[in-house]
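Below you'll find the structure, written out as structure tokens, and then a few comments.
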Amino acid sequence: MSVRAPVEDVAMREPVLTIEGLSVVLHRDGHANTVLDNIGFDVAPGEIIAIVGESGSGKSTLGLAVQGLLPREHRPWIRGSIRLDGTEIVGAPAHSLQAARRSLVRAISQDPMGALNPTMTIRNQLRESADNTDDVMFDWLRRTGLADPERIAASFPHRLSGGQRQRVLIAMAMMARPKVLIADEPTTALDASIQAQILALLQDFAREQDTAIVFITHDLGIAAAFADRLIVLHSGRLVEIGATGDVIEKPGHPYTAGLLAARFDLTTDRHRPLPTLPAARRPIGGMSQGCNYASRCPIATEDCKVRVPPLQPQHAHSGAVACFRAAQMPPPDRHLATPWPVRSTIRNDIALQLSQVRKRYPVGPRGLRAARYRDVLTSVDLSVDHGECVALLGESGAGKSTLLRIAAGLLAPDIGAVFRSDNTPQVIFQDAVSSLTPWLTIGEQVGERLRRSDICARQHARRIDETLELVELDAALKNALPAELSVGQCQRAVIARAVAVPPKLLLCDEPISAMDVSLAAAILNLFGRLRRRLDMAMLFVTHEQAAARIVADRIAVLKDGVIVMDNDPDHLIVAVPAPLAAPRQSQAQGGVR
């Protein structure tokens, strides 16, 4: 069955991407897990659709399926149809898939370091993607916001920041001028100004090249400002689809409404915990007998638990929704959490002090020629008081991660002094999964920091349980390996390991940048509770203004190697309406299948 919204001129054309009855089963840990269940929609040339949902909802799997790149090690089983410009992808031989990836579909990966070849310069990788002159390549790099394309092209990937690598991937994908562009979280590692520039570039690219863009994101604000239509996935099922303005203003599914309520921006009250969705509990096998959202839904009935709601036309907007109770959607819950305790303004001691810190990196080949250097930090002065949280804000490539590594003692400054009241500060890195040892259980990794403590084996086990409870992680997971945990659970495990012996200083490097909105809110709430309960200082590195404003007592802005601002969050950032307040008006509305 196909439910179609009213169409305009663009959508009257033959769809360039058509997905019908798509189900994907992956085999993991001895179980067959249904990752996608009966997904169907089509996309017109030049149309931008955004696929939104929490981590684990199946967004990236859908993108991989369209490219014919599902991981072989999980023995994928696929049912249904995916047609790219009339070419069937499901069941196609390898040479047909390779031809489609060359001429029809390109992707922007969420992991730029994994997508780029570490043994090749950026110039050679751009030429391999699309045969163009240096001038054309440099122009595309400039259009993505890279101010020094000659240096970027001559560099190897490890010489670039995460945001710079991401922009290289974007330029590489657009240079090939595909008919379908799969963009999987393409702006996650980018600061707000570059993010806006990239989104505008992608919109222009879709219009000028007539390219359909499938934009995978966890950020409803970006999707609202960027996409023509929204597709909401929950636990592998399509629960709502419609024109962007309709879905944002009149959500028909409780899950969509919950995602909207959990979103935070520059206008959010930073003095109290953020609203979040109830924790997800996906069953073994991936699918519930009834609605996958029923166990979390405030309006679910017994019928919701035993029957899967079909996708039907939505009464409130022009799209469709899979909910038996869409017509009985309650108004948004305006309940506010209890405010955080007011922190004392008395400063007694310093947890971290950086004075006149300078760091430079070599650029280009060294060989017989004199080495050239680029100043990353020129003269940085920064302090964090005991019990205080300071957010370090700055653009991609500004040197934020370099400064944090110097603060942690993982990198030595070329010039300057570093004082830490704690000789063993703990670090929370951006990639929580990679931060955990894959062959050790969560309990073993949390217990590593307790080994030097003068406690008996019984106390050791009890402390592990108490620490897991402190970060709101089920104690039963102490015997699980990292691969068995979700992204959010891995991040909580990393935090548990860091605070098992409470540090005086906790250093966080972009800890929520790759998280969906509800999970990011939950982790920010967790940081808020831990630093107040354990009375520890925090340096929180981020490029997200809203997160910096919510988590910190002070915000320091790093630009051109120096701290250019250091102030109270409410004085530093002017609260402006987020993009969610002005959703993009649909220019092309295709159908669901």
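The single condition among (1) within 30 Å of residue 128 (Cβ to Cβ); (2) in contact with a strand residue (DSSP E or B) (Cβ under 6 Å, 6 or more places away or on another chain); (3) outside any helix (DSSP H, G or I) that residue 188 does not meet is (2). Only residues that are within 28 Å of the chain's Cα centre (by Cα), among the hydrophobic types (A, V, I, L, M, F, W, C) and surrounded by fewer than 20 Cβ atoms within 10 Å (Cβ to Cβ) were counted across region 144-159, and they come to 2. Restricted to region 61-101, and to residues there that are assigned to a loop (DSSP other than H, G, I, E, B) and closer than 17 Å to residue 18 by Cβ, the residue that is nearest to the chain's Cα centre (by Cα) is 68.
Annotation: residue 495 fulfils all but one of (1) under 24 Å from residue 351 (Cβ atoms); (2) at pLDDT below 85; (3) touching a Phe, Trp or Tyr at 6+ places or on another chain (Cβ under 9 Å); the unmet one is (2).
Meeting the requirement of 3 or more residues that are over 29 Å from the mean Cα position of the chain (by Cα), the strands (runs of 3 or more DSSP E) wholly within region 362-444 are 372-385, 415-420.
Scanning region 93-110 for residues that are touching a helix residue (DSSP H, G or I) at 6+ places or on another chain (Cβ under 9 Å) and of a type in the set (Ser, Thr, Tyr) returns a single hit, 109.
Select from region 288-301 the residues that are part of a loop (DSSP other than H, G, I, E, B) and surrounded by fewer than 21 Cβ atoms within 10 Å (Cβ to Cβ) and list them in ascending order.
288, 289, 290, 297, 298, 299, 300, 301
Within region 120-143, the presence of a residue that is part of a loop (DSSP other than H, G, I, E, B), buried (at least 20 other Cβ atoms within 10 Å of the Cβ) and out of contact with any His (no Cβ under 9 Å at 6 or more places or on another chain) is excluded. Hey, does region 74-93 have a residue that's in contact with a Gly (Cβ under 7 Å, 6 or more places away or on another chain) and buried (at least 20 other Cβ atoms within 10 Å of the Cβ)? Checked against the condition, which is being in contact with a Gly (Cβ under 7 Å, 6 or more places away or on another chain) and buried (at least 20 other Cβ atoms within 10 Å of the Cβ), region 74-93 yields at least one hit. A single entry from 244, 267 fulfils the requirement of being among the polar types (S, T, N, Q) and under 26 Å from residue 527 (Cβ atoms): 267. Kindly indicate whether any position in region 193-202 is assigned to a helix (DSSP H, G or I), closer than 25 Å to residue 513 by Cβ and modelled with pLDDT of 90 or more. Yes: region 193-202 contains one or more residues that are assigned to a helix (DSSP H, G or I), closer than 25 Å to residue 513 by Cβ and modelled with pLDDT of 90 or more. Tell me, which residue of region 167-204 that is closer than 25 Å to residue 43 by Cα and of a type in the set (S, T, N, Q) is surrounded by the fewest Cβ atoms within 10 Å (Cβ to Cβ)? Of everything passing the filter in region 167-204, 197 is surrounded by the fewest Cβ atoms within 10 Å (Cβ to Cβ). Considering region 507-522, the residues that are aliphatic (A, V, I, L, M) and touching a helix residue (DSSP H, G or I) at 6+ places or on another chain (Cβ under 6 Å) include one that is nearest to residue 349 (Cα to Cα), namely 507.
Give the residues of region 502-526 that are more than 18 Å from the chain's Cα centre (by Cα) and either buried (at least 23 other Cβ atoms within 10 Å of the Cβ) or within 19 Å of residue 188 (Cβ to Cβ) (or both), sorted by residue number. Hits for region 502-526 are 506, 507.
Could you grab me the full set of residues in region 152-171 that are out of contact with any Lys or Arg (no Cβ under 8 Å at 6 or more places or on another chain) and within 30 Å of residue 13 (Cα to Cα)? Within region 152-171, 169, 170 qualify.
The values are calculated or read from the model by the stated rules, or taken from the named source; none is laboratory data. Here the structure is a predicted model, which is why all the values come from computation and not from measurement. Counting neighbours? That spans all protein chains shown, and the Cβs are built from the backbone with ideal geometry, glycine included.
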